[in-house]
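Q: The structure follows.
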Amino acid sequence: MSDEISAEDWHEQAEAVYQALLARVGEGAPERRLDATRRAVELLGDPQRAYPIVHITGTNGKTSTSRIIESLLRAYGLRTGLLTSPHLVSFTERIVIDGQPVSDEELVRNWEDIRPYLEIVDAELEEQGKAPLTFFEALTALAYAIFADSPVDVAVIEVGMGGEWDSTNVGDGQVAVFTPISLDHTKALGDTVEEIARTKSGIIKPSADVVSSAQVPEALDVLREAAALTESSLAVQPRDFDVASTKVAVGGQLVTVRGRAATYEDVFLPLYGDHQAQNAAVAVAAVETFLGRGSQPLKADLVEEGFATATSPGRLQLIGIEPTILVDAAHNPAGASTLAEALRRYFDFDELTFVIGSLADKDARGVVRALAPVATQFFVTAPASERALDAEDLGDIVRDEVGDEATIVYSDAIDALESARDWAGESGRRAVVVTGSIVLVGAAIAYAGDQEWKGNGA
């Protein structure tokens, strides 16, 4: 049958799947429940039990850490599944099999298989007076089904939001991984780091192995308590593993990681920023934990291969040269501070302009304040989202922080990007950074691809 259907037809059908998912309640308003997703995967035969899971949560660094973990596991010859969110350009980026986005055909065939069961769950929920399966609940069921159908040897699963009631938590992580926990999504997760950590700690299952990056004391206390209650092991940075050193290198950095079982020296990581070295250290500890419960060293050549093939789209990604255009999906103050520090350390531009947009529920002022010390000016716009902060409103915030002269507001994001590019083109020592919103970053990557900007890595 596949011979009778063209690639273009499969693509159209895959787009129809995405539209069907979009018709459901969006990701910005998750249901605080697991029972609906549990019922869906139960009807599907519990596909999430067909393979071991490495489950990742945190506030910043989740996607990059997930991608490095997946790359390391793939270097070991394992067939991997990877679920991340959100996507930047194409919906299929979210569901990755063996390093490649799920094909349109695989997506469509699996959707057709599971759709009747999702409709059964929708009907049951309606009878109970409850909301039908949301976008992310249906996506989670679809991803777990695709991984079982593939089949994969291991699935690396990034939490959508929080942990305890996130729909991915119907899967039981053999290893639970925590990147740094800070304030974000406070309306859904809580107003304190302790509350947020408690929600995220819900991914720790009985007798699991827990790996955590360095955390503030109140978050670490929560993780220790959760690990003790579930009789799980806990490996924490810097006690059990750490970044020993990192050196700037062409195209990335040389990282020495002190893992749980061995030290891996001067491994090239093609990603910029000390935060990516931290993510890599967490990834190494997670893979050591998954493969040998932290007691067996990884093979040095496979660590080199895993790092070398790791990518992190939308994270200090180069999408254009002459002039240099970078994108970074920093959308909270912690991420913006990390971005500012990476720009200082890894690049030597004389002037930087930021094309910035934000969603209304984000701490836009905190983001601008973190970026201001390295910014020459801000080209302010709005991402193409119903949840976007109006460009003029964001412009007022930017003016408060950096003044009128350094603030230019554009109603159209592409106009802002092209104007910033023109400005940067006036000098070889200037660069543009698109940031503040994942939606805006995705639009910039897509536009760079359409324009065939030299050096675009979209």
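Q: How much net charge surrounds ALA226 when only the other residues with a Cβ under 14 Å from the Cβ of ALA226 are counted, with Lys and Arg +1 and Asp and Glu -1? Intermediate values should be presented prior to the final figure.
A: On the way: positive: ARG198, LYS200, LYS205, ARG224; negative: GLU164, GLU194, GLU195, ASP209, GLU218, ASP221, GLU225, GLU231.
Residues close to ALA226 contribute a combined charge of -4.
Q: Let me ask something else. Run lengths n ≥ 4 of DSSP H only: what is the helix-derived mean residue ellipticity at 222 nm for the chain, with -39500 (n - 2.57) per run over all residues, to the nearest 500?
A: Working: 15 runs with 191 residues, N = 458.
Counting only the DSSP helices, I get -13000 deg cm²/dmol.
Q: With all protein chains present and a 1.4 Å probe, how do GLU225, GLU405 order by accessible area, largest first? Intermediate results must be reported in sequence, preceding the final value.
A: Details: GLU225 90, GLU405 180 Å².
Largest accessible area first, the list is GLU405, GLU225.
Q: Along the charge dipole of the range 306-458, pointing to its positive end and built from +1/-1 on Cβ of Lys, Arg, Asp and Glu, which listed residue (GLY403, VAL439, PHE347) has its Cα farthest out?
A: About the Cα centre, the residue reaching furthest to the positive side is PHE347.
Q: Is the range 112-183 rounded, prolate or oblate when judged by the Cα gyration tensor, a ≥ b ≥ c being the square roots of its eigenvalues, rounded requiring a/c under 1.5 and prolate requiring a/b larger than b/c? Working shown, then result.
A: Values: a/c = 2.94, a/b = 1.33, b/c = 2.21.
Because a/c hits 1.5 or more and a/b fails to exceed b/c, the range 112-183 counts as oblate.
Q: With labels modelled as points extended 7 Å from the Cα through the Cβ direction, what inter-label distance (nm, one decimal) is found for ARG239 paired with ASP400?
A: In this crude spin-label approximation the distance works out to 4.1 nm.
Q: Quick check for me: using +1 on Lys/Arg Cβ and -1 on Asp/Glu Cβ, what's the dipole size of the chain about its Cα centre, in debye to the nearest 20? List each step's numbers first, then the result.
A: Numbers: 37 positive and 73 negative charges, 334 e Å.
The dipole of the chain has a size of about 1600 debye.
Q: Around SER150, under 12 Å between beta carbons, what's the net of Lys plus Arg minus Asp minus Glu among the other residues?
A: Local charge sum for SER150: -2.
Q: Oh, and also: Looking at ALA249, ALA329, GLN19, which one has the Cα that reaches farthest to the positive end of the dipole of the chain (charges on Cβ: Lys, Arg +1; Asp, Glu -1)?
A: ALA249
Q: Still on this structure: Under the rule a/c < 1.5 gives rounded, and otherwise a/b versus b/c splits prolate from oblate, where does the range 51-143 land using the Cα gyration tensor? Walk me through the intermediate numbers first.
A: Working: a/c = 2.31, a/b = 1.72, b/c = 1.34.
Cα axes put the range 51-143 in the prolate bin.
Q: Using the reciprocal of the averaged 1/r over all distinct C-alpha pairs, how large is the Kirkwood radius of the range 364-458 in Å?
A: Numbers: mean 1/r = 0.0722 Å⁻¹.
Over the range 364-458, the inverse of the mean reciprocal pair distance is 13.9 Å.
Q: Explain nothing, just the number: dipole magnitude of the range 277-372 about its Cα centre with +1 on each Lys and Arg Cβ and -1 on each Asp and Glu Cβ, in debye rounded to the nearest 20. Please report the intermediate quantities before stating the final value.
A: Numbers: 8 positive and 12 negative charges, 79 e Å.
So the dipole magnitude of the range 277-372 works out to roughly 380 debye.
Q: Here's another thing I want to ask about it. Between GLU126 and GLU304, what FRET efficiency follows from the Cβ-Cβ distance if R0 is 60 Å, with the result rounded to 0.05?
A: On the way: r = 53 Å, r/R0 = 0.88.
Efficiency computed from Cβ-Cβ geometry: 0.70.
Q: Okay, moving on. For ILE325, ILE438, write out the residues from largest to smallest accessible area, computed with a 1.4 angstrom probe and no ligands counted. All intermediate terms of the calculation are to be shown ahead of the outcome.
A: Numbers: ILE325 0, ILE438 30 Å².
Solvent-accessible surface, decreasing: ILE438, ILE325.
Q: Once you have the Cα-Cα distance between GLU119 and THR192, take 0.36 nm times their residue separation minus that, and quote the gain in nm to one decimal. Before the final figure, lay out each step's value.
A: Numbers: separation 73, 0.36 × 73 = 26.28 nm, distance 3.76 nm.
Roughly 22.5 nm would be gained on extension.
Q: Give me the distance in nm between label points sitting 7 Å out from Cα along the Cα-to-Cβ direction at ASP35 and GLU386, one decimal.
A: My value for the distance between the label points is 2.7 nm.
Q: Pairs on different chains or at least eight residues apart, Cα atoms closer than 24 Å: how many lysine pairs in the chain fit?
A: So the count of such lysine pairs works out to 10.
The values are calculated or read from the model by the stated rules, or taken from the named source; none is laboratory data. Computed from a prediction, not measured in an experiment: that's the story for all the values here. Neighbour counts run over all protein chains shown; Cβ positions are idealised from the backbone, glycine included. Please note that ligands, DNA and RNA were not included when accessible areas were found on the heavy atoms of the full protein model with its side chains. Shrake-Rupley method; radii C 1.70, N 1.55, O 1.52, S 1.80 Å.
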